[in-house]
Amino acid sequence: LLSDGSSSALKVDSTGQWLLDASNTTGAPTLYAWPISKTNGESTLGNGVTVPGVLLVSGGNVAVGGMAISPDNKLVAVAAGSETQTFTFTSGTDFTGATNPISTTFDKRTATGVAVSVAFNPGTSFLFIGETGDFSTANDSGGMRIIPIASDKLGTEPSASPYSSGGTGPHAILAASNGYVYVANWVGTSAGNVTAFLVTSTGPSLTLQSNAVATGTEPYGIAEDSTSDFLLVVNNQGSPSFNAFTFDATTTGLLDSSLTSTSTGTGPIAI
């Protein structure tokens, strides 16, 4: 697998047979679909076959947290700056690259500010979009949008959306197994934070968990471990470069600091 250096966001579908690559190519970013082997991860692209994919919005830009594959492998969403595009994804198509698994038709959601991050919840019933510049408050201008999904079709965004994300740049989103969605925010050049929202299907709506937790500067990646015991964050500008949190045993949704570290290396962007 060769890259031209423009790759920004990479995801492997849960079947282990497609590597999706959102690249900021000249003119317009492109979403590529590399067929890969479940056994060794190598490309299974047929000889002479061009990597299948689709062009994204002209002049757009995809950030590190700007692409997500739905848990049921039927949708892929890309936050490309001026808009978020959600495509139908068919993971069961052939793995030689002769068939494009990404539909050329898509759902478009124009950004209020600049779309930088996306995530699906575990049941593929909601799409979350993180945007910068949705609000005018100096250190709380980021926005979180929630869009319902039914039968793999995006529905109407509720009138209360977007919600204030708790910082200037919601650069990573995690829909956790406990029913909360966690947002890693930049806060200018200061220490960032992780805010938690309870997801309610009625509306739908997001309810802010009042206690945000501090991270290092410019949190860029967020993940939940496979045991659902820890929430992990890496911070591009350090101070510290890594945070680990546990889920509070008393207050649902609340995070408790467990570990910090500066030994990740310089400028981590994903975990």
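Per Stokes-Einstein, at 4 °C and 1.567 mPa s, what whole-number D in µm² s⁻¹ belongs to the stretch 155-252, with the Kirkwood radius over Cα pairs as the hydrodynamic radius?
This corresponds to a translational diffusion coefficient of 94 µm²/s.
Relative to the present Cα-Cα distance, how much length would full extension add between T252 and T26 at 0.36 nm per residue of separation?
Additional length available on full extension: 76.9 nm.
Add +1 for every Lys or Arg and -1 for every Asp or Glu among the other residues with Cβ under 14 Å from the Cβ of A172, and state the total.
Taking every Cβ under 14 Å from that of A172, the sum is -2.
Give, as ranges by residue number, the residues of the stretch 49-78 whose backbone N falls under 20 Å from the point 7 Å along Cα→Cβ of S201.
70-75
With a probe of 1.4 Å, find how much accessible area the stretch 1-83 has per residue, and write the answer as a whole number in Å².
Values: 3660 Å² over 83 residues.
Using a 1.4 Å probe on heavy atoms only, each residue of the stretch 1-83 averages 44 Å².
Please report, in Å, the Rg and the Dmax of the chain, where both are computed over Cα atoms only.
That works out to 18.0, 58 Å for Rg and Dmax.
Could you work out the relative contact order of the stretch 214-253, using alpha carbon pairs under 8 angstrom and six or more residues apart, expressed as a whole percent?
Working: 71 pairs, mean separation 15.1, N = 40.
Rounded, it is 38 percent for the stretch 214-253.
Below 13 angstrom from the Cβ of G113, what's the summed charge of the other residues (Lys, Arg +1; Asp, Glu -1)?
-2
Round to the nearest 10 and report in Å² the accessible area of T50, as given by a 1.4 Å probe over the protein chains' heavy atoms.
Approximately 110 Å² for this residue.
What distance in nm separates the simple spin-label points at T96 and A150, each placed 7 Å from Cα in the Cβ direction?
If labels sit at T96 and A150, their model points lie 4.1 nm apart.
Taking θ as phi - 60°, what are the ³J(HN,Hα) couplings along the stretch 245-252 by the Karplus curve (6.51, -1.76, 1.60), each to the nearest whole Hz, with x for Gly and Pro?
10, 10, 8, 4, 6, 9, 9, 4
Hey, for a label at V49 modelled as a point 7 Å past Cα toward Cβ, could you say which residues of the stretch 10-24 have their backbone N under 13 Å away?
The answer is 18-19, whose backbone nitrogens lie closer than 13 Å to the label point.
Could you give the length gained by full extension between K108 and N139, i.e. 0.36 nm per residue of separation minus their alpha carbon distance, to one decimal place? Could you put the intermediate results ahead of the total?
Numbers: separation 31, 0.36 × 31 = 11.16 nm, distance 2.80 nm.
Answer, rounded to one decimal: 8.4 nm.
Once the piece of chain linking S159 and T262 is laid out straight, how much longer is it, given 0.36 nm per residue of separation minus the C-alpha distance between them?
The S159-T262 span can extend by a further 32.9 nm.
Cα to Cα, under 23 Å, and not fewer than 8 places away if on the same chain: which lysines meet these conditions relative to K153?
The reachable lysines, counting only those whose Cα sits under 23 Å from K153, are K11, K74, K108.
To the nearest Å, what is the center-to-center distance of the stretch 171-201 and the stretch 112-145, using C-alpha atoms only?
Their Cα centres are 10 Å away from one another.
The values are calculated or read from the model by the stated rules, or taken from the named source; none is laboratory data. Computed from a predicted structure; not experimentally measured. Counting neighbours? That spans all protein chains shown, and the Cβs are built from the backbone with ideal geometry, glycine included. We work out accessible area using only protein heavy atoms, side chains counted, and drop any ligands, DNA or RNA first. Shrake-Rupley method; radii C 1.70, N 1.55, O 1.52, S 1.80 Å.
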